[in-house]
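Readers should treat all values here as calculations from the given coordinates under stated rules, not as data from a laboratory. These numbers come from a predicted model, not from an experiment. Using ideal geometry, Cβ is built from the backbone for each residue, glycine included, and neighbour counts are taken over all protein chains shown.
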Amino acid sequence: MREDKDRSNFNGIGEKGRGSSPDDPSEEYKGLSRRELMRLASLSAAGVFTGSLMAGCGELWERQYVIDVDSWYRGVCRFCGTGCGMLIGMNNGQVVDVKGDPDAHNRGRLCIKGILNREILYA
């Protein structure tokens, strides 16, 4: 008999429904359980730790230019039917860099086929 009562009260859900205390199912519990407190504390600590790690990494995500670009021209990627806008960097009559056009519908982003346009052109 006692075993059935304990099973009905598993995970803090007693006869009165959600929110009852796992220790005393007869009273309504209106607080934070230890499990919820530990979960919130660990999530808060993880957020602080992750934020502090990423604080100094801003320059790692910036693109490093290797070859100087004389001029930029607007173009369209033709590897699929989407037609993403791209900026094409030229130096001495050759394509040396490509990047997404921030004013186009793709908002400055290119897929892998668009990024590799220069390599594919001269392959």
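Below is a table of values for the structure above.
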| quantity | calculated |
| --- | --- |
| Subset tally (residues that are polar (S, T, N, Q) and closer than 18 Å to GLY108 by Cβ) for region 69-95 | 1 |
| Selection within region 86-95 - out of contact with any Lys or Arg (no Cβ under 7 Å at 6 or more places or on another chain), surrounded by fewer than 19 Cβ atoms within 10 Å (Cβ to Cβ) and of a type outside the set (S, T, N, Q) | MET90, GLY93 |
| Enumeration of residues in region 84-119 that are touching a strand residue (DSSP E or B) at 6+ places or on another chain (Cβ under 9 Å) and assigned to a helix (DSSP H, G or I) | GLY114, ILE115, ASN117, ARG118 |
